[in-house]
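One structure is given below, encoded as structure tokens.
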Amino acid sequence: MAVNINDLNEKWVNLGQKVSDLQNKAQLMVDDDATSAEDVADIKTKITNEIAKRDLAHENLVQAQAENVVDDSLKDKPLTPPENDLKKKFINNIKGMIKGDPKVVNMVTSSTDETGAAAGLTIPQDIQTVINTLKRQFDSLEQYVTVESVSTLSGSRNYEKWSDITPLAELEEGGTIADNDEPKLTLVKYLIKTYGGKNTITNSLLNDTAENLLAWLTNWIAKKVVATRNAKIIAQLDTVKSKPTLAKFDDIKDVAISGVDPAIRATSIFMTNTSGLLVLAKVKDAMGNYLLQKDPTNPLIQRIEGHQIVEVADRSLPDVSGSHPLYFGDFKEAIVLYDREHTSLLSTNIGGGAFDTNTTKIRVIDRFDVQTKDNEAVAAGSFKAIADQTANFTAGK
């Protein structure tokens with residue numbers, strides 16, 4: 001790659017610090033009688049501009065990481081002859097579909113799934129594997145929740161909450177074993193929904209190599225799927241319990257210790273948005289040390305009391321009335337994504353305005369559903385600022 005991932009990461013961190021410094025400056029201006037309306041407008045503009053540059057720097061970092069994944073996935077693992085044949089057939093069908101080859105078009109439009117919708121071209125398993133790898137690079141929240149593959153459009157599952165599990169009764173010697181109490185099960189129903197997105201490409205893409213076409217397709221599909229599934233997962237977080245206002249680091253510890261059942265505390269993580277992470281990253285202890293710890297195996301990962309902090313972009317997990325969200329818990333116990341595993345592609349060079357612009361529209365279809373199975377497995381809070389810890393030293397005699 002021409003770009004250095006470490007340099008991109010450093011640029012993103014520096015821009016984040018610049019945003020934080022400007023926000024602190026804006027807070028101080030509130031109590032400054034000399035602050036004018038022009039000063040307020042100026043600082044707001046600067047903050048908006050720096051946030052945009054910070055978010056762009058993060059997107060560049062993620063894109064560079066993802067391109068590394070594509071390069072590695074297309075080069076490292078040789079395909080078996082059947083896999084190679086499927087890949088070639090898939091690429092040829094993509095090109096035929098875009099060019100309007102009657103054989104391919106008729107095959108696609110005559111193929112429907114159980115809902116009656118056009119199924120399109122089914123993506124081969126080896127390409128699906130690359131897409132799944134890319135999804136993790138694009139900050140997919142799917143990796144933190146339970147994912148269950150399903151083969152039907154609807155169904156139901158019974159789940160028992162950790163907090164409802166009771167111990168076995170003690171037995172006397174020779175005594176009769178009593179019946180267990182009936183488990184308190186929660187019925188969760190799912191109904192697979194169909195989601196679609198489309199993108200416009202130029203016909204010159206067809207003249208690229210097969211690898212370039214695959215790289216473009218896998219990146220685009222991964223981004224669309226991640227954005228869609230992240231939005232549905234975050235929507236389920238509205239069902240979790242109380243949202244206290246956090247003002248000091250001890251409040252965060254309260255959420256971490258008493259917010260969820262002790263049985264799942266060890267597997268729990270924190271989740272906040274980029275603006276929230278910037279605030280937390282600057283909180284210091286009484287000795288002036290930052291309270292967030294870096295993961296020794298990956299300095300890009302931050303931790304609180306050993307628990308990983310997952311960052312979600314502000315556009316996906318926005319502030320509410322100026323307060324940053326903070327979630328803590330075991331998301332795999334809380335949320336289930338039912339995956340139909342039937343991603344497909346369709347294209348047109350006539351509809352959707354493609355005819356007028358001499359371009360081609362490609363549509364991706366994804367099928368899944370997201371439901372909450374235990375709304376007590378995640379606790380929620382919010383904060384605007386977290387105060388530094390103060391020194392508490394008692395002078396000796």
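Looking only at region 263-283, decide whether some residue is within 30 Å of Arg363 (Cα to Cα) and either crowded, with 19+ Cβ neighbours inside 10 Å or without any contact (Cβ under 8 Å) to a residue 40 or more places away in the chain (or both). Yes, the conditions are met somewhere in region 263-283.
Tell me which residues, restricted to region 13-48, are part of a loop (DSSP other than H, G, I, E, B) and in contact with a helix residue (DSSP H, G or I) (Cβ under 6 Å, 6 or more places away or on another chain). Outline the logic, then answer.
Residues of region 13-48 that are part of a loop (DSSP other than H, G, I, E, B), as a first pass: 30-36.
The answer is Thr35, and nothing else.
Within region 217-271, the residues that satisfy the criterion of being farther than 16 Å from Ala334 by Cβ and among the charged types (D, E, K, R) are Lys223, Lys224, Lys248, Asp250, Asp251, Lys253, Asp254.
Between Val255, Val226, the distinction of being in the same structural domain as Thr146 (by TED's automatic domain parsing), aliphatic (A, V, I, L, M), over 30 Å from Gly197 (Cβ atoms) and in contact (Cβ under 8 Å) with a residue 40 or more places away in the chain belongs to Val255 only.
Residue count for region 229-273, restricted to those that are among the polar types (S, T, N, Q), modelled with pLDDT under 90 and within 23 Å of the chain's Cα centre (by Cα): 2.
Being assigned to a strand (DSSP E or B) and more than 30 Å from Ser151 (Cα to Cα) is the filter; apply it to region 320-353 and report the residue that is modelled with the lowest pLDDT. Going through the qualifying residues, I end up with Val320. Take region 136-191 and flag every residue that is modelled with pLDDT of 75 or more, of a type in the set (Ser, Thr, Tyr) and more than 30 Å from His58 (Cα to Cα). Answer for region 136-191, where residues must be modelled with pLDDT of 75 or more, of a type in the set (Ser, Thr, Tyr) and more than 30 Å from His58 (Cα to Cα): Ser149, Ser151, Thr152, Ser154, Ser156, Tyr159, Thr186, Tyr190. For region 289-345, a tally of residues being surrounded by 16 or more Cβ atoms within 10 Å (Cβ to Cβ) and more than 28 Å from Ile51 (Cα to Cα) returns 16.
The values are calculated or read from the model by the stated rules, or taken from the named source; none is laboratory data. Because the structure is a prediction, the values reported are computed rather than measured. Reconstructed Cβ throughout: ideal geometry from the backbone, glycine too, with neighbour counts over all protein chains shown.
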